[in-house]
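The values are calculated or read from the model by the stated rules, or taken from the named source; none is laboratory data. Worth saying up front: this structure is predicted, and the values here are computed from it rather than measured. Because the Cβ atoms are built from the backbone with ideal geometry, glycine has one as well, and the counts that use them run over all protein chains shown.
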Amino acid sequence: MTTSPQAYPDTIVIGPEDAPEYLRRMDIDIADVRLAIEAGDIAAGNKTSHHPLTAAGMSRWLDTVGVLRGQLALGKWISTNPRNRPVSDHLELPYGLSTVGATEPTGIADHPSGPRAARRKGIGTAEAVGPTIPWITVQTLRRQAPAVDGAAPPAGNWFLLYHRAPDGVRAEISLPRGFAGGQFTGWVVRVILPEWRPADGAAARKPLDVGGQDVDFEVSEVAS
């Protein structure tokens, strides 16, 4: 059974024109996000059919994550790795941010349900959306109640979702409403980013992960 995100009439959708100011209140510079998206596209585009099938998608995710976390770390964000899942946590504000490859509705403001992860996610993502007692820290405690007061973006663990379409990358930074069966079940807030498109010279060479490809992790316990 496939779990699809649900359409909620009270989902807040922030359009591309308002995204820079909205994200600034979370101490996120949209230029840093676009830099990360570009780095990911370059990395994916450097892979050929001789590489493993997952190389383009893996390279995109690795470089998007690495550049984004590196840029955020120049400010008041720190890089953490709960359950080996790369996350950025703000030192003063109640926000976390991680990166997930997502489905075709990503970045489409008027889509009735919004995106979901390109591949089912594991317990690390589930705990980020709904923290459980063993993994609660001061930072997750500050982010447990995603109540929207209109004055500021709601506290919580947010996700940069991206989708490589034929002409470029659509992306959004969004706060999930819930998580079940390995998938997001809806969204509290969706911040739609302006679509990123490659420069004219690079547009003819499309990465092999056009249409969406994501990476997954299997966390195993090392026997003692």
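Where the second residue is β-branched (Val, Ile, Thr) and buried (at least 17 other Cβ atoms within 10 Å of the Cβ) and the first is within 12 Å of Pro86 (Cα to Cα) and lies in region 50-73, which pairs have Cβ atoms under 8 Å and are six or more apart or on separate chains?
That search, which allows pairs on different chains as well, returns Trp61/Thr99; Thr64/Ile37; Thr64/Thr99; Val65/Thr99; Leu68/Val33; Leu68/Thr99.
Return the total of residues in region 154-195 being among the hydroxyl-bearing types (Ser, Thr, Tyr), in contact with a Phe, Trp or Tyr (Cβ under 8 Å, 6 or more places away or on another chain) and closer than 21 Å to Asp32 by Cβ.
First pass over region 154-195, keeping only residues among the hydroxyl-bearing types (Ser, Thr, Tyr): 162, 174, 185.
Now narrow it down to the ones that are in contact with a Phe, Trp or Tyr (Cβ under 8 Å, 6 or more places away or on another chain): 174, 185.
Add one more test, that the residue is closer than 21 Å to Asp32 by Cβ, and what stays is 174.
Final tally of qualifying residues: 1.
Residues checked against (1) among the basic types (Lys, Arg); (2) closer than 17 Å to Ser98 by Cα:
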{"position": "Trp158", "(1), (2)": "no, yes"}
{"position": "Leu161", "(1), (2)": "no, yes"}
{"position": "Asp167", "(1), (2)": "no, no"}
{"position": "Arg170", "(1), (2)": "yes, yes"}
{"position": "Ile173", "(1), (2)": "no, yes"}
{"position": "Arg177", "(1), (2)": "yes, yes"}
{"position": "Gly181", "(1), (2)": "no, no"}
{"position": "Phe184", "(1), (2)": "no, yes"}
{"position": "Val188", "(1), (2)": "no, yes"}
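Out of Gly130, Gly156, Gly181, Gly186, which single residue is surrounded by fewer than 16 Cβ atoms within 10 Å (Cβ to Cβ), modelled with pLDDT of 80 or more, closer than 23 Å to Val87 by Cβ and out of contact with any Cys (no Cβ under 8 Å at 6 or more places or on another chain)? Don't jump to the end; show me each part of the working.
Working: Gly130 fails: modelled with pLDDT of 80 or more; Gly156 fails: surrounded by fewer than 16 Cβ atoms within 10 Å (Cβ to Cβ); Gly186 fails: surrounded by fewer than 16 Cβ atoms within 10 Å (Cβ to Cβ).
Within the list Gly130, Gly156, Gly181, Gly186, the selection yields Gly181.
Residues checked against (1) at pLDDT 95 or above; (2) aromatic (Phe, Trp, Tyr):
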{"position": "Ser4", "(1), (2)": "no, no"}
{"position": "Tyr8", "(1), (2)": "no, yes"}
{"position": "Gly15", "(1), (2)": "yes, no"}
{"position": "Tyr22", "(1), (2)": "yes, yes"}
{"position": "Arg25", "(1), (2)": "yes, no"}
{"position": "Asp29", "(1), (2)": "yes, no"}
{"position": "Val33", "(1), (2)": "yes, no"}
{"position": "Ile37", "(1), (2)": "yes, no"}
{"position": "Ser49", "(1), (2)": "no, no"}
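Give the residue, chosen from Glu104, Glu92, Glu172, that is in contact with a Ser or Thr (Cβ under 7 Å, 6 or more places away or on another chain) and modelled with pLDDT of 85 or more.
On the way: Glu104 fails: in contact with a Ser or Thr (Cβ under 7 Å, 6 or more places away or on another chain); Glu92 fails: in contact with a Ser or Thr (Cβ under 7 Å, 6 or more places away or on another chain).
Exactly one of Glu104, Glu92, Glu172 is in contact with a Ser or Thr (Cβ under 7 Å, 6 or more places away or on another chain) and modelled with pLDDT of 85 or more, namely Glu172.
When Pro16 is evaluated against the numbered criteria (1) closer than 27 Å to Lys206 by Cα; (2) outside any loop (DSSP other than H, G, I, E, B), which criterion, by number, is the only one it fails?
Of (1) closer than 27 Å to Lys206 by Cα; (2) outside any loop (DSSP other than H, G, I, E, B), only one is false for Pro16: (2).
Check every one of the strands (runs of 3 or more DSSP E) wholly within region 58-106 and list those with 2 or more residues that are in contact with a Phe, Trp or Tyr (Cβ under 6 Å, 6 or more places away or on another chain) and closer than 18 Å to Ala117 by Cα.
Working: elements: 77-80, 87-90, 95-101.
The qualifying strands (runs of 3 or more DSSP E) are 95-101.
Looking at Asp32, is it in a loop (DSSP other than H, G, I, E, B) and under 16 Å from His90 (Cα atoms)? Show your work before the answer.
Values: in a loop (DSSP other than H, G, I, E, B): no; under 16 Å from His90 (Cα atoms): yes.
So Asp32 does not fit the description; no.
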